[in-house]
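The values are calculated or read from the model by the stated rules, or taken from the named source; none is laboratory data. Model, not experiment: these values are computed from the prediction. Counting neighbours? That spans all protein chains shown, and the Cβs are built from the backbone with ideal geometry, glycine included. Keep in mind that these areas ignore ligands, DNA and RNA; they rest on the heavy atoms of the full protein, side chains included. Shrake-Rupley method; radii C 1.70, N 1.55, O 1.52, S 1.80 Å.
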Amino acid sequence: MMEQSTMFLQHKPSGDVLEVLSIDTLYDPCESTIMGRFHCGEEMQDPENFKKSEVAFASGEPLPRCWVDPNYRLQAA
């Protein structure tokens, strides 16, 4: 059985840390939302849907275009 890796991103509007619960959806450029939950406070937060346009890496770097734009190959040509 393959172990699921954990990824954390930053929710740009709030600045809070977000645990991504759907890694496959994150990589899929045809999906505009991901399932995740905030990591703040002492209690585990309920899962929510987040727009990919509202998340970034902790460094502030945006998600790769191939994760958010289904037509990225056409525009690169």
- request: Go through (1) outside any helix (DSSP H, G or I); (2) open to solvent by 50 Å² or more (accessible area, probe 1.4 Å) and name the single condition R73 misses.
  value: (1)
task: Restricting attention to the range 7-26, report how many residues are in contact (Cβ under 8 Å) with a residue 12 or more places away in the chain, closer than 27 Å to Y72 by Cα and either open to solvent by 70 Å² or more (accessible area, probe 1.4 Å) or of a type in the set (D, E) (or both).
output: 4
statement: Restricted to the range 27-48 and to residues being within 10 Å of the chain's Cα centre (by Cα) and part of a strand (DSSP E or B), the residue surrounded by the most Cβ atoms within 10 Å (Cβ to Cβ) is I34
- request: List every residue pair whose Cβ atoms lie under 9 Å apart, where the two residues are 6 or more positions apart in sequence or sit on different chains, the first residue falls within the range 54-65 and is closer than 17 Å to T6 by Cβ, and the second residue, located anywhere, is part of a helix (DSSP H, G or I).
  value: V55/L26; L63/L26; L63/K52; L63/S53
